[in-house]
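Input: a single structure, listed below in structure tokens.
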Amino acid sequence: MDGSNSVGPNAVNSSSLRSGSSIRSSNSIREVNFVDLGSRARSRGGADSDGFGMSQREINDDDARLVYINDPIRTNEKFEFAGNSIRTAKYSVLTFLPRNLFEQFHRVAYIYFLVIAILNQLPQLAVFGRTASLLPLTFVLLVSAVKDAYEDYRRHRSDKIENNKLASVLVNGQFQHKKSKDIRVGEIIKVFANETLPCDMVVLSTSDPTGVAYILTINLDGESNLKTRYAKQETLAKNLENDKISGLIKCEKPNRNIYGFQANMEIDGKRMSLGPSNIVLRGCMLKNTAWAVGVAVYAGRETKVMLNSSGAPSKRSRLETHMNKEIIFLSIFLGSLCTIISICAAVWLRRHRDELDFMPFYRRKDFSDGKNDNYKYYGWGMEIVFTFLMCIIVYQIMIPISLYISMELVRIGQAYFMIRDNQLYDESSNSRFQCRALNINEDLGQIKYVFSDKTGTLTENKMEFQCATIAGVDYSGSKASLQGEQSGYSVLVDGKVLKPKMNVKVDPELLRLLKNGKGTSESNSIHNFFLALAACNTIVPIVVASADADVKLIDYQGESPDEQALVYAAAAYGYMLIERTSGHIVIDIQGDRQRFNVLGMHEFDSDRKRMSVILGCPDRTMKVFVKGADTSMFNVLDRSLNLHTTETKAHLHAFSSMGLRTLVVGMRELNASEFEQWQSSYETASTAVMGRAALLRKVATNVENNLIILGASGIEDKLQLGVPEAIESLRTADIKVWVLTGDKQETAISIGYSCKLLTRRMTQIVINNRSKESCKKSLDDALTLLKKLSSVSGAAENAGRSSEDGLGTTGLIIDGTSLVYILDTELEDQLFQVASRCTVVLCCRVAPLQKAGIVALIKKRTSDMTLAIGDGANDVSMIQMADVGIGISGQEGRQAVMASDFAMGQFRFLVPLLLVHGHWNYQRMGYMILYNFYRNAVFVFVLFWYGLFTGFTLTTAINEWSSVLYSIIYSSLPTIIVGILDKDLSRMTLLKHPQLYGAGQRNESYNTKLFWVTMIDTLWQSMAIFFTALIPYWGTDVDIASMGDLWTLAVVILVNAHLAMDVYRWTWLAHASIWGSIIATWICVMVIDAVPILVGYWAFFHVAGTGLFWLCMLGSVVAGLLPRFVVKILIEYYRPSDIQIAREAEKFGTLREFESAEVEMNSVSDPARG
Amino acid sequence: MPASEGSPDSSSSSRKSSKKPKYSRFSQQELPAYKPILTPQWVITVFVFIGIVFIPVGLASLSAANQVEEISERYDDKCGPQTNNTCERKITVKKKMKNPIYVYYQLDKFYQNHRRYVKSRNDLQLRQTSRGREQAGCDPISNTANPIVPCGLIAWSLFNDTYKFSVKDKDINVDKKDIAWKSDKDYKFGSQVYPKNFQKGEGGIGGGKLNESLPLSEQEDLIVWMRTAALPTFRKLYGKITVDLEVNDVVTVKIQNNYNTYKYGGQKLLVLSTTSWMGGKNHFLGRAYLTLGAISLFIAGCFIVLYIIKPRPLGDPAYLSWNRYPGGGI
């Protein structure tokens, strides 16, 4: 390994990141197409910069946690550090009932339910039967409780599995198996390959003689490449099983920063500092290392992964929150109705106070059984109170409790259709859409912001070498063939065939040149180019067995997927990196094994934007190979030697236009004096105590000079299928797409280009600062620029130029370090100002919690709906913070899915999910809520009007049974069916015109105005129904039951006809449910009237025999619906919404494009995938 | 969808493991459906249709109401304010009334739909002899020791004025048979249930008494009374006159004024009315229908004019918001 040039502690601190912001003008060619060269500010055995600008400091004893190595008793005696058992379950057997009830009663509706039920228990107020009034509440509570219990049981089970995993723990000098939950801080733990780490621990030694351990952090940050961790030299040597190891680790208190760790370790009187590269975290997996031994420093809930998985807050949909507001209005209506009735009753009683004893229908005195007191008369004041309370009981359905149940059912139905949707099925991972949260379906139709992770979400996280330009010749034109067809490049070593694990497409022309054209300057360049690719990196080749015993595969492991791709590419062209140690590398060049001494390596830093390696070649020449971003490379070339600069630049531009990540490779031969000069300064710099990084950078800058440009490579970060199209669709739908990634800025930007998030004409604002002041300044600058731009583009638009090509649009690129200074400070507001004016925001190098912080930034300041989508555990906090969290399933790592509300296989599914299902769900749910408000209110108003004619005594003409059945049988099924199945527009139309999604963003289906309009309509309809029947029947011999039947049927027909008027799509189910409900009502009314002991016996059959009955019914329904119908026609015709026009177009096919859209969308959303 | 047809050969092997949702028109929400759009043609058709249905119906019901001849005579003031007296009223017939002529009594401000009142009955004891002791719900007119049949306020307050009609000193017979619903007589009021302890409580006498030798099923006045009226002004059938009354006939009514409405100021009226398919003399519904029909035709006319002077082509993409305000969409 490259250990000799290790950078000591304190070396890389605040200087390695560029400060200040650079604002690029809109028409400049993309300046940054720099590729991640590996972020290894790696320093063996030293603390390195933790990426957040915290400089190494002595840890204060008060802030520290003291861990005595291999002495858990002493470690734990003073402070009770958390044990290693974890608990994600919410309830225990004992706490289930109270806690679950408590949580359920957080719903105001349930409390209302309960209060009504309790009120009804009072004998003075008993309106309905006692058990009957409790039944609905009990039922609802029970169903929810069973659901919660089942979910918690599953959590309990997974906790148990997790807690009972076995781990090897050093006890009395011997490694013994211990359950994971029994691990204590201070214990020494041995982990074997492919095991998941049970707790956070500092690495003491590994199976690798140099103390390297490879870990897979996919569960933690979603990155699927291996990361290297190091044991300290001092502990490496110890044989832990025999030597009694003892020492003290002084480390930070547990925190959530998964990229940071600070500690000191004292062993044998020697003190050394520990950094993030010395700690391995719970949830990571040990790879390619036979074993690793470490000491537990954080356990259980104090581990970083657990601290990062903040508890899942229960989400409530926007619509439901909004609805709860309107329910307050409904409560006010209810209160007003009750007040009116109570006041009227009070006046009536007062005016007739002398007559109460004589009125045959009142008769206050109770003479039964020889009593001589008042019968059910509690005094004037009490009567008013009781009237009020009874009123609430009688009119309780004004608050549509049944709506909550209907909503649950509708959501289940909607979920069914989302899960069953073929277009949300991912064939490559064989995964269906998953609905994990059942109460936010409709939020999918109102999303304004999408926060997306990059790795694994937008991309497949597979880098692929695509093409190269060498010495001014572009080798991407000819047909590339997969070398796999010719069994790939391989070499014979010790009788075994060595093959790179991955095959890369090669250019036959280039291959031919490599094989034949020896000696030409052209082939020299090619040789050096591939040598550079194979050597100038930090990739570690690992030989793994394959299915065929004679064939061994070389797996290139490293932190940078780009480097991996380059090395694989080099191997495919016959430059196979076989061995890398700290001092030398072995490369098999066209079957010829050559050993190169690694004399020095200048690591990547973001100032230079390049890295270099100084090799001692077999022919005793010293060469420096450099690779880096084009901008930085073209500054350090030797103009006299470079004849192909223009061509290379042109090719680079072509590559990057194709969305490829480009890297320029250069080299220079060092003569003896140059080398000596470099070597002496390099050694001085690497051993310097102060300002080592700056010195090293200076050395690097000196040697990376006068380069010959060999060529450049184009690497494709393979996007998932359909991502650019999906992003395009989302943006057309006016959804802002933000990308939050742990990647480096340059990588993030290049991905931004390839997925069409950023366009070349877009103005970029870059903020990457290392202090609060500079952040503030950058934000201020950005804001002024944005204001200027918006005025310019406004003018441009006025002048008739379209802004579609991204002119006048801006993209903000901000990194995690700056966010440290911005989030949770007063700068947040400014950031929000800037970010909300930008079309695109890219956040790079962000920690999991920062992702959540950015989501919160938007959530706090706007009422816009946010959606977060990601695949790794690093996205969990963001997924939970956003209004809607979506996990990408099918990849490794399940945390994101577990934390998400919805899970699906591919990013592109977001389009049908939001634009189609989200739109439908929102429209359906919005209509359903309004309709349910209307439906219940119209019924209550009919009861209320009647109450005015009964001496304000709350007699209901509609009998008790019909009242109960009204929201169960008479009118519930149609709204549920319509809520599940109605579609305002077809899938094709919605996909073709993403702008139609705006209806949800503008709250078109449900808003306060609609609510009030509906309520006014309700008032009119109830009056029409009530008075159309009342007036002709006034002063006739009609009895209560007949009147009640008339009103029951009229109301039911009215509300169903109202629904029928608004149904968009009449499937047989809609017909069946709507007309079926009316028929069912008819049957119910007849059945109820056929019970002789009920008051209304046979009333229906009598009243239905009169013409007046039918005329009243028809007249009242028509009169009730007429205003609504007229208004509906006028609005649809003269104030048509986009949806209305699209519906018409769909029906009449006036748009050719609607037709052709079907074919097109089919091919996009349903591609043939292997 | 196409995807399901894509690979029939591979699907057989991977069917078990594949979680691909099975295609059906239902699960893909592609059920065939009718998509109504309110086109001008439809709108005008609907309104014209309402108009041409409602106007004739309105006219018909108006003419039906006009055919009904109704005479109502308030008598509580003339015969009161004492009760238990007789008084005579003369009513002149203005138009010929063909038999059957229905005789009603009408009360106002009498809340037969008052909550205390409507609940104060027991339907079980009315039906079955075995439940005769049931008094539940009958407060304040109940007595568990000496069970009252029929118990409760409703029965207790039975209306008990009687009328005797004569024209030119010739008595006219009032048929009091079959004034109650047959269903009530047959199933609701028991033919074996006889009144017991009725109007004998300490609470005083509320209204009419019952012939204890007749079963409840034959006490038609009670049965009619116990069909509690829906509204505070109501009439109840007293009987039927089976002869025609000619124009300018003077009907003399001898009223036995028993029922006390004076204490709360309620009116009592006597109503003679013929009937039609529409029921009683009621012009409201006919007028309402005519109005609705006229409004519909008017609206239809308005829409025709609107569609002509300000038409909008249906489904014209130019009206989409992002086409009307380009640039505003993004």
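The values are calculated or read from the model by the stated rules, or taken from the named source; none is laboratory data. No experiment lies behind these values; they were computed from the predicted model shown. Using ideal geometry, Cβ is built from the backbone for each residue, glycine included, and neighbour counts are taken over all protein chains shown. For the accessible areas, the whole protein counts, side chains as well, though only heavy atoms, and no ligand, DNA or RNA atoms are used. Shrake-Rupley method; radii C 1.70, N 1.55, O 1.52, S 1.80 Å.
Summary table
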quantity	calculated
Cleavage-rule hits (trypsin sites (Lys or Arg not before Pro)) in region B:182-226: DSSP loop, at most 15 neighbouring Cβ within 10 angstrom	B:LYS200, B:LYS209
Under 18 Å from the Cα of B:LYS310 - lysines, other chains or at least 8 residues apart	A:LYS1128
At most 16 other Cβ within 10 Å, DSSP loop - chymotrypsin sites (Phe, Trp or Tyr not before Pro), region B:208-267	B:TYR262
Rounded percent of accessible protein surface that carbon and sulfur make up, region B:69-274, 1.4 Å probe	45 percent
Percent of beta bridges antiparallel (DSSP, chain A, rounded to nearest 5)	75 percent
Tail beyond 43 Å, pair distance distribution of chain A (Cα, percent)	51 percent
C-alpha long axis of helix A:745-754 to longest principal axis of chain A, angle in °	60 degrees
Ranked by how many other beta carbons lie within 10 Å on average, peptides A:527-536, B:159-168 from highest	A:527-536, B:159-168
Neighbourhood charge, 14 Å Cβ-Cβ cut-off, centred on A:TYR997 and excluding it, Lys, Arg +1 and Asp, Glu -1	-2
Whether region B:179-305 is rounded, prolate or oblate, judged on the alpha carbon gyration tensor where a/c under 1.5 counts as rounded	prolate
Exposure rule at most 15 other beta-carbon atoms within 10 Å, DSSP loop GluC sites (Glu not before Pro): chain B longest free segment	B:31-201
Where no second cysteine Cβ lies under 4.7 Å, the cysteines concerned in chain B	B:CYS302
Within the accessible area of region A:119-178 (1.4 Å probe), percent carbon and sulfur	63 percent
Peptides ranked, highest mean first, by Cβ atoms within 10 Å: ranges A:769-777, A:945-953, A:567-575, A:436-444	A:567-575, A:436-444, A:945-953, A:769-777
Residues whose placed amide H lies under 5 Å from that of B:THR275, excluding near-sequence neighbours	none
Over 27 Å between alpha carbons, listed pairs A:LYS304/A:LYS609; A:LYS304/A:LYS851; A:LYS181/A:LYS287; A:LYS147/A:LYS454; A:LYS859/A:LYS992; B:LYS95/B:LYS164	A:LYS304/A:LYS609; A:LYS147/A:LYS454; A:LYS859/A:LYS992
Chain pair B, A: total accessible area buried, heavy atoms, 1.4 Å probe, Å²	9800 Å²
In region B:227-264, trypsin sites (Lys or Arg not before Pro) in a DSSP loop with at most 16 other beta-carbon atoms within 10 Å	B:LYS263
Pairs beyond 26 Å (Cα-Cα), from A:LYS736/B:LYS22; A:LYS515/A:LYS552; A:LYS178/A:LYS244; B:LYS109/B:LYS254	A:LYS736/B:LYS22
Cα shape, region A:542-691, gyration tensor, a/c 1.5 rule	oblate
C-alpha long axis of helix B:40-67 to longest principal axis of chain B, angle in °	10 degrees
For region B:264-307 versus region A:163-216, the gap between their alpha-carbon centres in whole angstrom	90 Å
Principal semi-axes in Å for region A:954-1068 [√(5λ), Cα gyration tensor, largest first]	37, 16, 12
Modelled FRET efficiency - R0 60 Å, A:GLU80 with A:GLN833, Cβ distances, 0.05 increments	0.85
Theoretical ellipticity at 222 nm over chain A - DSSP helices of four or more residues, -39500 (n - 2.57) apiece, nearest 500	-14000 deg cm²/dmol
Relative contact order computed over chain A (Cα-Cα under 8 Å; 6+ residues apart), in percent	14 percent
Anisotropy class of region B:69-274 from Cα gyration tensor, a/c 1.5 cut	prolate
Most mobile of B:THR45, B:THR86, B:THR252 in a GNM of chain B (Cα contacts under 10 Å)	B:THR45
Exercise: per-residue mean of other protein chain Cβ atoms within 10 Å, A:944-955	4
Angle in degrees between helix A:401-420 and the longest Cα principal axis of chain A, rounded to the nearest 10	40 degrees
